[in-house]
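Some notes on the structure that comes next.
The values are calculated or read from the model by the stated rules, or taken from the named source; none is laboratory data. Note that the structure is a prediction, hence the values are computed from the model and not measured. Cβ placement follows ideal geometry from the backbone for every residue including glycine, while neighbour counts extend to all protein chains displayed.
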Amino acid sequence: MSRKSSVSRLPAEIKSYIEAMLATGAQTLDELIADLQQRYPAEASAGKLPSRSAIGRYGQKLDRRLAAIKASTDAARLIHEQVGDEYASLSGAVMKLVQTEMFEAIVTLQEADDPDTDPGERLTLLSKAAKNIATLARSDVHLKKFQAEVEERVRTRLLEEQKAKLDLVAKAEGVTPATQAAIRQALGIE
């Protein structure tokens, strides 16, 4: 059974600091190592700080995750711009974000093939992914059902309004019953 990466096993404070430095890209790996040794001398002297290569591998994983988050944010923005204020546009954008997150989960599973990942952890990730895919599929079905119901209500209301207006115009303008029937048939009004 393989071990977790040395960065993952660090105390939360040090791990968060490394993640912040890697995310900003403010330092090279050598500068980051020197900075860590200065900030955390007790861990450095005990040999508990990660190596340059361990930080490099961890940084690559972090970069992929940050890229996926950026892609999700950009996708949501584009979706919202394209659909404007149509009903359920926000729900649709959220669904797209969830799909992107599922893609991120797949990337995480692929990363789980590395020697630092425990097979039990990989199985847990697969289980979570399967559960989330099922939830996503259910949500998508419910969203489409809701959209169809809204469309039907809007169509019914529009037909009722058209029927009422036709009745008003017919009485005011003296439209014959045959003409009214032809208009109703053309508009699909019962």
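Among the numbered conditions (1) in contact with a helix residue (DSSP H, G or I) (Cβ under 8 Å, 6 or more places away or on another chain); (2) surrounded by fewer than 17 Cβ atoms within 10 Å (Cβ to Cβ), tell me where ALA46 comes up short.
(1)
Yes/no matrix, rows are residues, columns are (1) surrounded by 12 or more Cβ atoms within 10 Å (Cβ to Cβ); (2) at pLDDT 85 or above; (3) over 26 Å from LEU123 (Cβ atoms); (4) not charged (D, E, K, R):
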site: TYR17; (1), (2), (3), (4): yes, yes, yes, yes
site: ALA26; (1), (2), (3), (4): no, no, yes, yes
site: ALA34; (1), (2), (3), (4): yes, yes, yes, yes
site: GLN37; (1), (2), (3), (4): yes, yes, yes, yes
site: TYR40; (1), (2), (3), (4): yes, yes, yes, yes
site: GLY56; (1), (2), (3), (4): yes, yes, yes, yes
site: ARG65; (1), (2), (3), (4): yes, no, no, no
site: ALA71; (1), (2), (3), (4): yes, no, yes, yes
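Residue by residue through region 151-190, note down the ones that are modelled with pLDDT under 85, polar (S, T, N, Q) and surrounded by 10 or more Cβ atoms within 10 Å (Cβ to Cβ).
Selection gives GLN162, THR179, GLN180, GLN185.
Residue pairs, Cβ under 9 Å, 6 or more apart or interchain, first in region 135-146 and farther than 12 Å from MET102 by Cβ, second small (Gly, Ala, Ser) and assigned to a helix (DSSP H, G or I). List them.
If the second residue must be small (Gly, Ala, Ser) and assigned to a helix (DSSP H, G or I), the pairs left are LEU143/SER91; LEU143/GLY92; PHE146/SER91.
Can you name the condition, by its number, that ALA148 falls short on among (1) at pLDDT 70 or above; (2) over 30 Å from ILE189 (Cβ atoms)?
Here ALA148 clears every test but (2).
Would you pick out the residues in region 1-15 that are exposed (fewer than 11 other Cβ atoms within 10 Å of the Cβ) and either within 14 Å of SER53 (Cβ to Cβ) or in contact (Cβ under 8 Å) with a residue 24 or more places away in the chain (or both)?
Across region 1-15, the qualifying residue is only MET1.
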